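**Q** I have a structure here, written as structure tokens, and I will follow up with some questions on it.
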Amino acid sequence: MASDSDQILGYQRKVVLLEAFRISYAIMITGIITTLMGFSLYWIDTGILGDAEPVIGVILFVAFPIALGLSLYIYDRRHERDLIIADAVLKVIHPIAALIRYLRGAGP
């Protein structure tokens, strides 16, 4: 039987931490994608959009992040492996970190 120190709000500590990581990765990825889309909208001549600009802004900065964040979290939750989103992020970050270390002269 688990002691009270192994539980957070009545749930096992491992379960709470796993869900916290899933939520944080979903929010991080959503934030990065939304920021990139916002910059691309800034670089595009917004005069082309005309009257649709406020609608596109609401979709881009409200509806899209909520939908993407929820879908990433739900996808990761339903997948059999734990933290599949985190695994994908690490596969992208590790080569970039290795390249940065190499360019600084630290070696592989």
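The values are calculated or read from the model by the stated rules, or taken from the named source; none is laboratory data. Quick caveat: nothing in here was measured; it's all calculated off a predicted structure. Cβ placement follows ideal geometry from the backbone for every residue including glycine, while neighbour counts extend to all protein chains displayed. Remember, those area values only see protein heavy atoms, side chains included, never the ligands or the DNA or RNA. Shrake-Rupley method; radii C 1.70, N 1.55, O 1.52, S 1.80 Å.
**Q** What's the total number of residues in the range 59-108 that are at pLDDT below 75 and either in contact with a Cys (Cβ under 9 Å, 6 or more places away or on another chain) or of a type in the set (Lys, Arg) (or both)?
**A** Qualifying residue count for the region: 1.
**Q** Under 9 Å between Cβ atoms, at least 6 apart or on separate chains: pull out the pairs that start in the range 67-80 with a residue that is under 15 Å from VAL15 (Cα atoms) and end on any residue that is in a loop (DSSP other than H, G, I, E, B).
**A** Short answer, once both residue conditions are applied: ASP76/ASP82; ASP76/LEU83.
**Q** Can you name every residue in the range 34-46 that is of a type outside the set (Phe, Trp, Tyr) and open to solvent by 60 Å² or more (accessible area, probe 1.4 Å)?
**A** Correct list: THR35, LEU36, MET37, ILE44, ASP45.
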